[in-house]
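Novice: Sharing a structure, written as structure tokens. Questions coming.
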Amino acid sequence: MIYVQLLERMALIALAAYIYNQSHMFKNLIKDELKIIDKIIMIIFFCSLSIIGTYTGISLEPYAIANTRPIGAIVAGYVGGPVIGIIVGIIAGTHRYFMGGYTALACGIATVIEGITGALARKYSKNGDFSVKSGFIGAIVAEMLQMVMLLIFARPLPDAASLVKFIALPMITINSIGVIIFLNIIQNARDEYNRIGAIQTQKVLKIAKKTMDYMRQGLNQDTAKSISKIIYETTDTKGVFIGDKKEFLSYCGRGVDEEKLKMKLKVYYETPDYSLIKFISNNKPTLFLCAPFLISNTSFEGVLGLEVDLGKENDKYVWEFVKELSELLSTQIELYKVNKLAEEASTAEFRALRSQIQPHFLFNALNTISSFCRTNPLKAKELIIDLSNYFRQTLKREEDFVSLKDELEFIQSYLSIEKARFGERLKIIIDIPENLMNIKMPVFMLQPIIENSIKHGILPKPSGGSVFVKANCCNEEVLFLIEDTGVGMDGETLNQIVNNWPGIGLKNVNERLKLLYGEDYGLKIDTNIDKGTKVQFLIPKEVKSVDG
């Protein structure tokens, strides 16, 4: 009879799992992007599930209850990790303790242990992956530990032993099945979410490949017409429109009243955001999901609208697809702008900039970004922002001295692109005390040296290597050390690099140091074949500005 009664409680578990799968925190859980508020809601949810499991338990004798409370604690630990499992265990266990009875203390302690056991089951599953099998084993172990707690802490012992003999097998069986049901529903939802995500990603990448040639020409009426047609033919949407930051450009689909759409867009342009456009077109209700083209996540450059069936305005999968597509096109627009800026760099008004930016670095950066546009559009967007920041900071750097903090921020954009280009082959370690961040130093000192380490040290080495950037006080001076674990150089190669490097390379850095501080302040380079290269230089700790 107890089996049947406990099984009846499984409907509640299935309902709870379904509610959990529909929540926003479930999507964040799949993406490993749980926020503090998600964790708080998760704790409240699983505490409620455990406490309800206590209240819906089966009273076997005075103050002894066969219940499904362990399911909430075990699943909380398995899904949310040890901290959430322990917190849920403590809250639900404390609640059970204050309900009283000779099993109160044992059940309270056991609930905490069950939360921990759930977390350990996840940790020691294969590669820490989500697995119904490991959750099932964890549930069995947790329930067996609960029976042990009853025998240790519940008194009188004969009553505890009699209770364990009666409830052990039913509770171990039913609660383990409950954990399986909950985790299996979550697993199926995860698989479905990932399947839909994979299909959407394939569509987005297919669109990226087809639209790239058009986006290289910028966003205008002709390119918008071609791009909207590609999106319409690649997806199952009813229609697609594209606008720039001022006006409607193109529509492709089953037919829409474009004049009404343009009127609605005028309202949209007042506050561009992820939103809906609804109106009556050809005597039928029409719904567009709209997503802005954002450059550097802030600058509005246009809008994408997908026409969908009524009722899909709250479909999270459709919205995610629209957002991914708009982010892809935003990335391509930004890439076009960077390419355009690179072309302008060859004109007379950008000659000063051209003398500072290495052409080969720009070429390699654009190639790297182009490859990521096909494989990882979001990463490409980040790299475009880094390259834009690199250009922008180079343009506005008119002063001769900057703080060390500003110099490091400048090279971070450069390093982000290089690390994306080399992947795991390149590691950058910056070890500089915080108290040196405000010292003044000449501009463009560190980047050329780091670039030399990467190009001549790490690049030729098949396994890659590391570049260390260090700075320390040395009496009234600051000693900078840039060291790599690359292939090193012989004397002839070193001499060629120091004397013939173009632009703002080592020769330029060396000469500027000597000009500013004297002959004793040039670069000191120590290198040997297969042993890497060390570049050192000193600057006075206090540096006055040129005007001072």
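Bear in mind that the values in this text are calculations on the coordinates, not laboratory data. A quick note: this is a predicted structure, and the numbers were derived from the prediction, not measured. Reconstructed Cβ throughout: ideal geometry from the backbone, glycine too, with neighbour counts over all protein chains shown.
Novice: What does the charge dipole of the stretch 440-536 about its Cα centre add up to, to the nearest 20 debye, if the Cβ of each Lys and Arg holds +1 and the Cβ of each Asp and Glu holds -1?
Specialist: Details: 10 positive and 12 negative charges, 50 e Å.
The calculated dipole for the stretch 440-536 is roughly 240 debye.
Novice: With Kirkwood's inverse mean 1/r over C-alpha pairs for Rh, give me the Rg to Rh ratio of the stretch 415-472, two decimals please. The partial results should precede the final answer.
Specialist: On the way: Rg = 12.7 Å, Rh = 12.5 Å.
Dividing the radius of gyration by the Kirkwood radius yields 1.01.
Novice: Turning to a different aspect of this structure: Specify, per residue and in Å³, the volume enclosed by the convex hull of the alpha carbon atoms belonging to the stretch 250-305.
Specialist: Numbers: hull volume 4.3 nm³, N = 56.
So the per-residue Cα hull volume is 77 Å³.
Novice: Report the full-extension gain for the segment GLU434 to GLU270: residue separation times 0.36 nm, less the Cα-Cα distance, to one decimal in nm. Show your work: numbers first, answer last.
Specialist: Details: separation 164, 0.36 × 164 = 59.04 nm, distance 4.45 nm.
Answer, rounded to one decimal: 54.6 nm.
Novice: Grab the eigenvalues of the alpha-carbon gyration tensor for the stretch 2-194, scale each by 5, take roots, and send me the semi-axes largest first in whole angstrom.
Specialist: Values: eigenvalues 154, 49, 45 Å².
Listed largest to smallest, the semi-axes of the stretch 2-194 are 28, 16, 15 Å.
Novice: Find the Rg to Rh ratio for the stretch 141-268, where Rh is the Kirkwood radius over alpha-carbon pairs and Rg uses the same atoms. It would help to have the intermediate numbers written out before the result.
Specialist: Values: Rg = 30.3 Å, Rh = 20.3 Å.
That ratio is 1.49, to two decimals.
Novice: Sticking with this one: Among CYS474, CYS107, CYS252, what is the fewest-to-most ranking by other Cβ atoms within 10 Å? Each step should come with its number before you reach the end.
Specialist: Numbers: CYS474 10, CYS107 25, CYS252 20.
Lowest to highest Cβ neighbour count: CYS474, CYS252, CYS107.
Novice: If r is the Cβ-Cβ distance from GLN217 to GLU409 and R0 is 30 Å, what FRET efficiency results, to the nearest 0.05? It would help to have the intermediate numbers written out before the result.
Specialist: Working: r = 33 Å, r/R0 = 1.12.
Plugging the Cβ-Cβ distance into 1/(1 + (r/R0)^6) gives 0.35.
Novice: Among the GluC sites (Glu not before Pro) within the stretch 152-249, which fall in a DSSP loop and have no more than 12 other Cβ atoms within 10 Å of their own Cβ? Intermediate results must be reported in sequence, preceding the final value.
Specialist: Working: sites: GLU192, GLU233, GLU247; in loops: GLU247.
Loop-located and lightly packed - GLU247.
Novice: Still on this model: With an 8 Å Cα cut-off and a minimum separation of 6 or more residues, compute the relative contact order for the stretch 216-340 in percent. The partial results should precede the final answer.
Specialist: On the way: 200 pairs, mean separation 29.6, N = 125.
The value is 24 percent.
Novice: Would you mind checking LYS470/LYS531; LYS316/LYS405; LYS440/LYS507; LYS123/LYS470; LYS35/LYS245; LYS126/LYS531 for any pair whose Cα atoms are more than 30 angstrom apart?
Specialist: Exceeds cut-off: LYS316/LYS405; LYS123/LYS470; LYS35/LYS245; LYS126/LYS531.
Novice: Let me ask something else. Counting alpha carbon pairs within less than 8 Å and at least 6 residues apart, what relative contact order, in whole percent, applies to the stretch 397-540?
Specialist: Answer for the stretch 397-540 is 23 percent.
Novice: Please report ARG195, ARG122, ARG96 as a ranked list, fewest other C-beta atoms within 10 angstrom at the top and most at the bottom.
Specialist: On the way: ARG195 10, ARG122 22, ARG96 27.
The fewest-first ordering by Cβ neighbours comes to ARG195, ARG122, ARG96.
Novice: May I pose another question? For q = 0.15, 0.18, 0.21 Å⁻¹, what log10 I(q)/I(0) does the stretch 397-540 give under the Debye formula with an equal point scatterer on each alpha carbon and no solvent?
Specialist: -0.74, -1.09, -1.46
Novice: A follow-up question, please. Under a plain spin-label model, where a point goes 7 Å from the Cα along Cα-to-Cβ, how far apart in nm are THR298 and LYS470?
Specialist: 3.7
Novice: Round to the nearest 0.05 the FRET efficiency obtained for ARG254 and ILE196 when R0 = 35 Å and r is the Cβ-Cβ distance. Don't jump to the answer; show the numbers that get you there.
Specialist: Numbers: r = 24 Å, r/R0 = 0.68.
For ARG254 and ILE196, the calculated efficiency is 0.90.
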